[in-house]
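The values are calculated or read from the model by the stated rules, or taken from the named source; none is laboratory data. Because the structure is predicted, anything quoted here is derived from the model rather than measured. Ideal geometry is used to build each Cβ from the backbone, glycine not excepted, and the neighbour counts take in all protein chains shown. The protein model used for the area step is the full one, side chains on, heavy atoms only, and it has no ligands, DNA or RNA in it. Shrake-Rupley method; radii C 1.70, N 1.55, O 1.52, S 1.80 Å.
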Amino acid sequence: MAMPARESEVLILRSFPLGEGDRLVSFLSRSEGRLRGVATGARKPKSRFGSTLEPFSYVRMWFYERETRDLVRINQCELIESFLDAQRDYPASVTFALVSEATEAVLGEREVAEPNFRLILVTARAIKAGAKLPLALAYFAFWTVRLGGWLPALDRCTRCGATFHNTRAYLGRSGGLFCPNCTHPGQWVISKEALHLMRRMSGEKLEELMKADLPVATADEVKNHMLNLIEQHIEKKLQTRKMLDDALEPLT
């Protein structure tokens, strides 16, 4: 039995062709969490959906749920903001794809995650405004880890409690941040510059960091450490990560 229509602000994560003229859509609702639904007739000429189901479209959506089905029925979408132009640049499009893949991997279906919704929107708007991609993705990955509860304290050693004073640290593969005296083989080395940037990300908005002209190498290091933690948590590799590394590799 169909339930009453629900209305929510939504970010489209991915969409796929389904049947002859429909679309299967993965989206993050601000109020309902991550869902999947079918947009009937979305691929047909003069579809009422227009471009609202393009990846990373920020839309107001009306959809129906059925008691015995996992997929919702998408009835109507109204575009609030588009990020299609930002994705015409290939490295940026792969960055958006990695954000989508990571979000789908870390959030369970129907798990309300309004902070993650706001994080994705902030990240998408920063890329649209011309942010350096390693910085935007580092910020997204850092806060994804923090919101997931997997980020260790950044000011002291997990084992001995010693505070970090302008020194590098060591990130444990199963969590924890360690001082040079407590490290052991197999941990990731975090430079003092990357550690400082992570602390800044804890308290500063992405727009402020964009104005700081931070070294790309430092942002790239933070991005890699945070993506490593995400992959450790989901217990698999992010498929779009290698694509992004190739896309951002400097031409020689």
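Of note:
- Fraction of alpha-carbon pairs over 28 Å apart in the chain - percent: 38 percent
- Solvent-accessible surface (1.4 angstrom probe) belonging to His165, in square angstrom, nearest 10: 140 Å²
- Positive dipole terminus of the range 118-216, leading residue within Ala126, Cys182, Asn166 (C-beta point charges): Ala126
- Only Lys, Arg (+1) and Asp, Glu (-1) charged, at Cβ; the range 30-72 dipole about Cα centre in debye: 220 debye
- Electrostatic bookkeeping for Ala5 treats Lys and Arg as +1 and Asp and Glu as -1; over the other residues with beta carbon under 13 Å from its beta carbon, the sum is +1.
- Total lysine pairs under 20 Å (Cα atoms) in the chain, excluding pairs fewer than 8 apart on one chain: 13
- Between helix 114-128 and the chain: long-axis angle, C-alpha atoms, 0 to 90°, nearest 10: 90 degrees
- Carbon-plus-sulfur accessible fraction, the chain (probe radius 1.4 Å, protein heavy atoms only): 49%.
- In sequence order, calculated HN-Hα J values of the range 171-180 (Karplus, 6.51, -1.76, 1.60; Hz; x Gly/Pro): 9, x, 5, 10, x, x, 10, 10, 7, x
- Debye, to nearest 20: dipole size of the range 2-59, +1 on Lys, Arg Cβ, -1 on Asp, Glu Cβ: 100 debye
- Zone of Asp245's modelled label, taken as backbone nitrogen in the range 112-141 under 20 Å from a point 7 Å along Cα→Cβ: 133-141
- ³J(HN,Hα), Karplus 6.51/-1.76/1.60, whole Hz, each residue of the range 22-31, x for Gly, Pro: 9, 9, 9, 10, 9, 9, 10, 8, 4, 9
- The range 135-218 - Rg (one decimal) and Dmax (whole number), Cα, Å: 12.9, 37
- A 1.4 Å probe run over the protein chains yields, for the range 179-252, 59 Å² of accessible area per residue, whole-number rounding.
- Per-pair calculated FRET efficiency, R0 = 41 Å: Lys44 and Ala212 via Cβ, rounded to 0.05: 0.30
- Counting only DSSP H runs of at least 4 residues, each contributing -39500 (n - 2.57), and dividing by the residue count of the chain, the helix-based mean residue ellipticity at 222 nm comes to -12000 deg cm²/dmol.
- Whole-number Å³ per residue for the convex hull built on Cα positions in the range 67-113: 127 Å³
- Which of Leu24, Leu18 is most accessible, then next, and so on - probe 1.4 Å: Leu18, Leu24
- What the Cβ-Cβ distance of Leu147 and Gln76 gives, at R0 = 41 Å and to the nearest 0.05, is a FRET efficiency of 0.85.
- What you get for the range 77-153, charging only the Cβ of Lys and Arg (+1) and of Asp and Glu (-1), is a dipole of about 340 debye around the Cα centre.
- Peptides 234-240, 95-101 ranked from most to least packed give 95-101, 234-240, packing being the mean of other C-beta atoms within 10 angstrom over each peptide's residues.
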